[in-house]
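Novice: Take a look at the following structure, please.
Just so it is clear, none of the values below were taken in a lab; they were calculated from the coordinates. Treat the numbers as computed from the prediction; the structure is a model and nothing was measured. Heads up, the Cβs are rebuilt from the backbone with ideal geometry, glycines too, and the neighbour counts pull from every protein chain shown.
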């Protein structure tokens, strides 16, 4: 009986250690190397970043805006990713079909701001599409090139 109890304890400790996921350093390295394609994004990020961390991603786009050189997309984060440095790769596609991965992500509290190169288009696009864990969205922009989530749209 003592052997079964000891064996059960060892198994429980091993399983608990497996559920912790990668360290912050390992996760940052995986994110930096990740190069998901638009067509296979969901599968790519699970394989490149890790299925566990991606499954725990809980973010909602809250705002998109332009400056002279960049496009920014802010996500309100919950849970696991609300406190982690860095962010799972996000893709942006413009009306010409050009896809790009974020250049960087910056945390401010539970918000993550993703930075993209400004698309080289004639004029302001009417929309941009973003692909992020579990979702793909087309954001229809104002004439000033901004999008803001409504209180009921998320």
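Novice: From the convex hull of the Cα coordinates of the stretch 2-148, what is the mean projected area in square nanometres?
Specialist: Averaging across all directions leaves 10.1 nm² for the Cα convex hull.
Novice: In whole percent, what relative contact order does the stretch 2-148 give with Cα contacts below 8 Å and a gap of six or more residues?
Specialist: 20 percent.
Novice: Rounded to a whole number, what is D in µm²/s for the stretch 35-82 from Stokes-Einstein with the Kirkwood radius over alpha-carbon pairs (10 °C, 1.306 mPa s)?
Specialist: 128
Novice: Can you tell me the order of 31-37, 50-56, 125-131 when each peptide is scored by its average per-residue count of other Cβ atoms within 10 angstrom, highest first?
Specialist: Ranking, from highest mean packing down: 125-131, 50-56, 31-37.
Novice: How large are Rg and Dmax for the stretch 79-154 when calculated on the C-alpha trace, in angstrom?
Specialist: 13.3, 40
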